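S.K.: Got a structure here, written out as structure tokens. Questions coming.
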Amino acid sequence: MIEPLFDTLSMRSGEIEGLVGKFTKEGKSIYRIKLDELAKAAPDLIITQELCDVCAIGAADVLEAVGRLAKPVTVVSLNPHTLGDVRSDIRDVAAALGCRDEAEQLIKELDAKAEVVKEVTKGVRRVRALCVEWMKPIMNAGHWIPEILAYAGGFDELAVAGKPSTRLSWDRVLKYDPEAVVLMPCGFTTERTVQEAGDFLDMPHLRELSAVRNGRIYATDGHNYFSRSGPRLFDGIGILAHMLHPELFKEPLDPRFGVRVEVEAEA
């Protein structure tokens with residue numbers, strides 16, 4: 001029903017960034033709604049988002065398509081920037097569906113997950129981390145990620161809670177000298193992040209970073225647990241905690257959720 005105008009599965013990070021930049025400069029959407037399929041589905045409710053027109057189709061395109069349907073459709077548009085906003089969005093969606101009680105129960109369960117990890121990491125030394133939302137160019141992970149890091153026993157001074165992700169100069173990364181780096185590109189699973197980690201690992205003077213010297217470069221599933229504003233963000237808290245403080249957990253992290261990335265020694 002919704003499809004991108006180019007196939008990102010066969011493209012590297014830099015190629016994707018180049019095409020997205022081109023489309024954005026020309027004022028074009030990178031997604032297309034199949035109006036015939038939408039009309040056939042005959043929805044009563046559509047949930048869309050306004051946070052990022054690159055990650056998913058934008059609300060403006062959805063509203064334009066809805067205006068061409070034969071019947072009225074309720075549209076709930078989400079624009080979260082924090083975990084608190086995600087909780088509010090759950091309530092808004094539940095209100096549109098008529099299931100407010102279920103939403104409150106879900107929120108209690110999500111908060112309980114976060115509190116369990118917060119209790120486990122209470123009193124530990126906070127790890128100076130860098131969470132990378134895109135690898136070429138390098139972008140930090142903003143919005144809710146600093147909150148997730150706080151629960152998980154870390155901090156990222158290059159990101160601001162509730163604010164969008166930003167491009168980072170490599171000199172700034174070197175000066176910050178993170179103790180741990182977590183690669184969590186938007187739209188990438190753990191497996192794909194590992195495949196494309198070279199875009200980060202090829203940066204000059206990489207081996208000067210404390211994270212590299214200590215063997216603490218990680219890849220994770222940004223697509224499912226860190227980039228998308230839904231309940232699985234609260235699972236991301238535990239994933240990050242396992243990476244930053246593995247000594248606090250009896251079981252190792254499931255490799256589907258995150259793995260250590262090896263950095264080859266210089267020749």
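The values are calculated or read from the model by the stated rules, or taken from the named source; none is laboratory data. Note that the structure is predicted; figures quoted are calculated from it, not measured. Positions of Cβ are generated from backbone atoms using ideal geometry, with glycine treated the same way; all protein chains shown enter the neighbour counts.
S.K.: Identify all residues within the range 148-163 that are at negative phi, crowded, with 18+ Cβ neighbours inside 10 Å and in contact (Cβ under 8 Å) with a residue 40 or more places away in the chain; write none if there are none.
M.R.: I148, L149, Y151, A152, G154
S.K.: Now for a separate question. So which of T166, T220, T190 ends up being surrounded by 22 or more Cβ atoms within 10 Å (Cβ to Cβ), among the polar types (S, T, N, Q) and within 16 Å of M139 (Cα to Cα)?
M.R.: T220
S.K.: Please go through the range 236-255 and pick out each residue that is loosely packed, with under 13 Cβ neighbours inside 10 Å and in a loop (DSSP other than H, G, I, E, B).
M.R.: Across the range 236-255, the qualifying residues are K250, E251, P252, D254, P255.
S.K.: With the structure loaded, tell me whether K175 is of a type outside the set (A, V, I, L, M, F, W, C) and assigned by TED's automatic domain parsing to the domain that holds A42 or whether it fails that test. Walk me through how you get there before you give the answer.
M.R.: Numbers: of a type outside the set (A, V, I, L, M, F, W, C): yes; assigned by TED's automatic domain parsing to the domain that holds A42: no.
Answer is no for this residue.
S.K.: Do the conditions hold for L83, that is, is it crowded, with 16+ Cβ neighbours inside 10 Å, over 19 Å from P146 (Cα atoms) and under 21 Å from the mean Cα position of the chain (by Cα)?
M.R.: Working: crowded, with 16+ Cβ neighbours inside 10 Å: yes; over 19 Å from P146 (Cα atoms): no; under 21 Å from the mean Cα position of the chain (by Cα): yes.
Against the criterion (crowded, with 16+ Cβ neighbours inside 10 Å, over 19 Å from P146 (Cα atoms) and under 21 Å from the mean Cα position of the chain (by Cα)), L83 does not qualify.
S.K.: Within the range 197-212, can one find any residue that is more than 18 Å from R125 (Cα to Cα), basic (K, R) and free of Cβ contacts under 8 Å to residues at least 24 places away in the same chain?
M.R.: Filtering the range 197-212 down to residues more than 18 Å from R125 (Cα to Cα) leaves 197-209, 212.
Add one more test, that the residue is basic (K, R), and what stays is 207.
With the extra rule that they be free of Cβ contacts under 8 Å to residues at least 24 places away in the same chain, the set shrinks to none.
The answer is no, given that none of the residues of the range 197-212 is more than 18 Å from R125 (Cα to Cα), basic (K, R) and free of Cβ contacts under 8 Å to residues at least 24 places away in the same chain.
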